[in-house]
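Notes follow the structure.
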Amino acid sequence: MLNETSTPAMPETSPEEWRPVYGYESLYAVSSHGRVRSLNREVWTRNGHFRKYEGRLLTVQIDTSGRPVVTLSRNGTVRMPRVCVLVAEAFHGPRPDGLMVRHLNDIKTDNRPDNLAWGTMAENGADYVRNGFHHYARRQTCDYGHEYIGPNLMINPSKPTARLCRACNRARCIVARQKVRGIQVDFRPLADAKYSELMSGTNVFSTGMTGAA
């Protein structure tokens, strides 16, 4: 479902630059403030009359994902592309194969060129986590109530935007090692004890097992 809105106001921090819409160069233009307009044009109508059309700003609608879209028409074919795609194509070049538009600040209505970039789905997801919009990024504790702070905060080098619980990670390693030896260890008490050990700054916990972290 689309909701009609007025053209969203963009931060007026720089002069507005207009460039042709990729693939519609003689028909439409898109600006560095994320606005789209039709261009002045002269056409022959079906009844043989010559008619001039004045360019105008296009009405913006919001799609189901919360992104602004506009209606473009050419030779009787109508499309409703996202404004972010039009801006990215005009200011950063055509879309590379397999890439999508990233909103670097994750504000879907902020379609300034500086806020847009072509990227992979993984990069877009990393933006979402970095900007605090992913529900896991907003969590302050792990599933077992251990806070993501101080010595318990663990960062995976391969995923620097993801937070991990060091206590649970250590407990899982111990449980896995002991399972290989045929020894069953309850995860939750061990993880809680590791958390207490980490947060107290002392090595007060001992499992009495070989290889305990």
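The values are calculated or read from the model by the stated rules, or taken from the named source; none is laboratory data. Keep in mind it's a predicted model, so treat the numbers as computed, not measured. As a convention, Cβ positions derive from the backbone with ideal geometry for all residues, glycine included, and neighbour counts pool all protein chains shown.
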message: Consider segment 61-106. How many of its residues are within 20 Å of the chain's Cα centre (by Cα) and assigned to a helix (DSSP H, G or I)?
response: 9
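Test of understanding: among 150, 125, which residue is surrounded by fewer than 18 Cβ atoms within 10 Å (Cβ to Cβ) and not assigned by TED's automatic domain parsing to the domain that holds residue 61? Give the steps one after another, and end with the answer.
Numbers: 125 fails: not assigned by TED's automatic domain parsing to the domain that holds residue 61.
The match here is 150.
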- line: Within segment 30-55, residues being without any contact (Cβ under 8 Å) to a residue 24 or more places away in the chain, of a type outside the set (S, T, N, Q) and under 25 Å from residue 114 (Cα atoms) number 2
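If you take just the strands (runs of 3 or more DSSP E) that sit entirely in segment 13-55, which of them hold at least 1 residues that are at pLDDT 95 or above and among the charged types (D, E, K, R)? Full working, then the answer.
Working: elements: 18-20, 28-31, 36-38, 41-44, 50-53.
In segment 13-55, 18-20, 36-38 are the strands (runs of 3 or more DSSP E) which contain 1 or more residues that are at pLDDT 95 or above and among the charged types (D, E, K, R).
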statement: Residue pairs within 9 Å by beta carbon, gap of at least six or interchain, first lying in segment 71-93 and touching a residue at least 40 places away in the same chain (Cβ under 8 Å) and within 17 Å of residue 26 (Cβ to Cβ), second crowded, with 21+ Cβ neighbours inside 10 Å and among the polar types (S, T, N, Q), listed first then second, are 86/111; 90/31
query: Condition test on residue 58, is it in contact with a strand residue (DSSP E or B) (Cβ under 7 Å, 6 or more places away or on another chain), within 23 Å of residue 39 (Cα to Cα) and surrounded by 17 or more Cβ atoms within 10 Å (Cβ to Cβ)?
result: yes
